[in-house]
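Here's the structure we're looking at; comments come further down.
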C-alpha cells in the first residue's frame, strides 16, 4: 500500500486552491448552506488552516465571488466582427453557460442573502453589470450613449438576469430558446425606443444595416409581422 504525500503549498497557491474549492461547492449549493468544515474537507486541510488564509466564510465567499465576477464579466467580451445579432447570441450562450455551471451561487447572489449582503459583494455585482453595459456599447459602436439608449441597455441587462433566475427554477424552457429570445428582446426594446426618439431610430438603422436579410433581428421582424392581422398591412400602407 502506497501512502500519498501531501504537497505543501505557498500562501497564494493555497488561497487560490481554497477559492476554487469554494466556487465548486457554491456551484451546487447556496453559499449559506456550505460550511467552512466542508470547504476544509474538500481542500484536504483542517478548519483552523482555512481561517489562517481567510478570517471567515464571508471573506472567502467575497474572494470566490471576485473570481466569478471576473469570469462572468469576461463572457460579455466579443470581437466586433459579423452581424450584431449573431454576436449578441454568442454572448448569451456564454452567459447562460456561466449560469448553468454556477446556478445556486448565481441565484443566491442575485436574490440576496446573509452571505451576499456586504458592500463588497454588492459592488462586485454592480461591476459585472457595468462591464456588461460597457461591452454592449462597444458592440454598438457608441462612446457617448444618449439617455434612451442607456435605459434600453440597462433594462435589457436586468431582463437577462431575471430571465436566468427564472430559468434556474426548473429549467422549464430550453436554454437555447431563451438565449435567442434575449437577443430578440434587445432588438424589441431598441425598436420601441426608436419609435419614439429619432436619435434611437438612427442608431437602430445603423445596427440593422449590419444585419443580413436572414439575420436574427430580421427573423424577429418577420415573426412579428406574421402575428399582425392581414388588414393591418393595408391600413399601415
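The values are calculated or read from the model by the stated rules, or taken from the named source; none is laboratory data. Worth saying up front: this structure is predicted, and the values here are computed from it rather than measured. Please note: Cβ atoms are built from the backbone with ideal geometry, for glycine as well, and neighbour counts cover all protein chains shown.
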* To do: Please identify the pairs in which a residue from the stretch 138-164 that is without any contact (Cβ under 8 Å) to a residue 60 or more places away in the chain has its Cβ atom under 7 Å from the Cβ atom of a residue that is surrounded by fewer than 18 Cβ atoms within 10 Å (Cβ to Cβ) and not in a helix (DSSP H, G or I), counting only partners at least 6 apart or on another chain.
  => 138/80; 148/197; 149/142
* Structure fact -> Only one of (1) closer than 21 Å to residue 90 by Cα; (2) out of contact with any helix residue (DSSP H, G or I) (no Cβ under 9 Å at 6 or more places or on another chain) does not apply to residue 198, and that is (1)
* Output the residues belonging to the stretch 206-237 that are within 29 Å of the chain's Cα centre (by Cα) and exposed (fewer than 10 other Cβ atoms within 10 Å of the Cβ). => 209, 213, 214
* Looking only at residues in the stretch 23-34 that are more than 20 Å from the chain's Cα centre (by Cα) and modelled with pLDDT of 85 or more, which one is surrounded by the most Cβ atoms within 10 Å (Cβ to Cβ)? -> 34
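Between 161, 199, which is at pLDDT 95 or above and over 30 Å from residue 105 (Cα atoms)? Walk me through it before giving the result.
On the way: 161 fails: over 30 Å from residue 105 (Cα atoms).
Step by step, each of 161, 199 is checked, and only 199 is at pLDDT 95 or above and over 30 Å from residue 105 (Cα atoms).
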* If you check every pair at least six apart or on different chains, which have Cβ atoms under 7 Å apart with a residue in the stretch 199-227 that is farther than 18 Å from residue 179 by Cβ first and a residue that is in a helix (DSSP H, G or I) and at pLDDT below 90 second? -> 208/217
* Name the residues in the stretch 206-229 that are farther than 26 Å from residue 147 by Cβ and not in a helix (DSSP H, G or I), would you? -> 212, 213, 214, 215, 228, 229
* **Selection from the stretch 63-85 of residues that are surrounded by fewer than 18 Cβ atoms within 10 Å (Cβ to Cβ) and in a helix (DSSP H, G or I)** => 66, 67, 70, 71, 74
